[in-house]
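Trainee: Next up is a structure, given as structure tokens.
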Amino acid sequence: MNKERKLIIAGNWKMNKTVGEATDLIEALKRELGTQTEVDVVVCPPFTALNAVSAILKDSRIRLGAQNMSEQGYGAFTGEITAGMLRDLLVHYVILGHSERREYHKEFDVLVNAKAKAALAAGLKPIVCVGETLAQREDGQTDKIVGDQIAGSLAGLDNNQLKDMVIAYEPVWAIGTGKTASTEQAQEMHAFIRGKIAKSHGEDVAKAIRIQYGGSVKPANARELLSLPDVDGALVGGASLEVRSFTEIITNTLN
Ligand code: PEP
């Protein structure tokens, strides 16, 4: 697929996979995808499996991501994980502000912004998630909600920092529901986000930053979504838990 920006496809395993299950999955993915270079492939296992998956990925092109981290550098924050701890395990990416974190853990833009700054300072590339709920879309609030999430999450970050980041547009009503945004809806929102970034950080940054789509991406719809001009990849939940479906999402986009 001919794209202006290199596609980045990430699997968010969420709270799934024991170490043994994660090992089986990543060994199979490495056999299928470990040497291709056309698409950037990232897997985001739960914290408990990062070490095992990292060891298996050492001689592979697949990159490791985490699903969350603390904005704090160290200290008395029971249950939290720092960016430095993730780097120590050779993690490259970290998902921040996923809608499940926003909804169940009350993580809002100020916190997402602090986490993004801590991640970048440690050399991690944040994947910052934004997206509206169904009620917000039906109420005509989509641009306002997503625009505010972008402005708040990226506040105070400079152009070089932004070029190292990935944005994931994930309409909340499409996550884990089997409903996917139409190609028109996805392209419209991706172009809107890129336009917002052009205004805040300039055209060069807006042209360089990669914006993933997330929400029930499957082998059957991946190629159509990923061929849209402003869609530069996918953040995949459910379909990233199986070797076949995740591999097919990627191979379906290859030339
Ligand atoms: C996600 O959680 O980021 C996601 C997109 O999930 P799913 O693909 O299962 O909708």
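Trainee: Looking at the range 112-136, which of the residues that are in a helix (DSSP H, G or I) and surrounded by fewer than 19 Cβ atoms within 10 Å (Cβ to Cβ) is nearest to the ligand (Cβ to nearest atom)?
Mentor: Looking at residues that are in a helix (DSSP H, G or I) and surrounded by fewer than 19 Cβ atoms within 10 Å (Cβ to Cβ), I get Leu134.
Trainee: From Lys144, Lys106, which residue is without any contact (Cβ under 8 Å) to a residue 12 or more places away in the chain and part of a helix (DSSP H, G or I)?
Mentor: Only one candidate qualifies: Lys144.
Trainee: Does Ala76 qualify as being surrounded by 19 or more Cβ atoms within 10 Å (Cβ to Cβ), over 19 Å from Ala234 (Cβ atoms), of a type in the set (Gly, Ala, Ser) and more than 16 Å from the ligand (Cβ to nearest atom)?
Mentor: Spelling it out, it is not the case that Ala76 is surrounded by 19 or more Cβ atoms within 10 Å (Cβ to Cβ), over 19 Å from Ala234 (Cβ atoms), of a type in the set (Gly, Ala, Ser) and more than 16 Å from the ligand (Cβ to nearest atom).
Trainee: Follow-up question, since we're still on this one. Answer yes or no: is there a residue in the range 56-72 that is over 21 Å from Trp13 (Cα atoms) and within 16 Å of the ligand (Cβ to nearest atom).
Mentor: Checked the range 56-72: no residue is over 21 Å from Trp13 (Cα atoms) and within 16 Å of the ligand (Cβ to nearest atom).
Trainee: Out of curiosity, is Ile150 within 17 Å of the chain's Cα centre (by Cα), away from the ligand (no atom under 16 Å from the Cβ) and among the β-branched types (Val, Ile, Thr)?
Mentor: Criteria met by Ile150.
Trainee: Please determine, by comparing only the residues of the range 43-72 that are β-branched (Val, Ile, Thr) and free of Cβ contacts under 8 Å to residues at least 60 places away in the same chain, which one is surrounded by the most Cβ atoms within 10 Å (Cβ to Cβ).
Mentor: For the range 43-72, the residue satisfying everything is Val53.
Trainee: Take the range 32-58 and flag every residue that is closer than 19 Å to Val19 by Cα and modelled with pLDDT under 95.
Mentor: Answer for the range 32-58, where residues must be closer than 19 Å to Val19 by Cα and modelled with pLDDT under 95: just Lys58.
Trainee: Next question. Can you spot a residue in the range 228-240 that is hydroxyl-bearing (Ser, Thr, Tyr), in contact (Cβ under 8 Å) with a residue 24 or more places away in the chain and farther than 30 Å from Gly20 by Cβ?
Mentor: For the range 228-240, residues hydroxyl-bearing (Ser, Thr, Tyr), in contact (Cβ under 8 Å) with a residue 24 or more places away in the chain and farther than 30 Å from Gly20 by Cβ: absent.
Trainee: Hey, can you tell me all the residues within the range 109-141 that are in contact (Cβ under 8 Å) with a residue 60 or more places away in the chain and at positive phi?
Mentor: Gly131
Trainee: Anything in the range 94-110 that is within 13 Å of the ligand (Cβ to nearest atom), surrounded by 14 or more Cβ atoms within 10 Å (Cβ to Cβ) and not aliphatic (A, V, I, L, M)? List them, or say none.
Mentor: Gly97, His98, Ser99, Glu100, Arg101, Arg102
The values are calculated or read from the model by the stated rules, or taken from the named source; none is laboratory data. In this text the structure is predicted, and so the values were computed from the model without any measurement. Here Cβ is always computed from backbone atoms with ideal geometry, including for glycine, and neighbour counts include all displayed protein chains.
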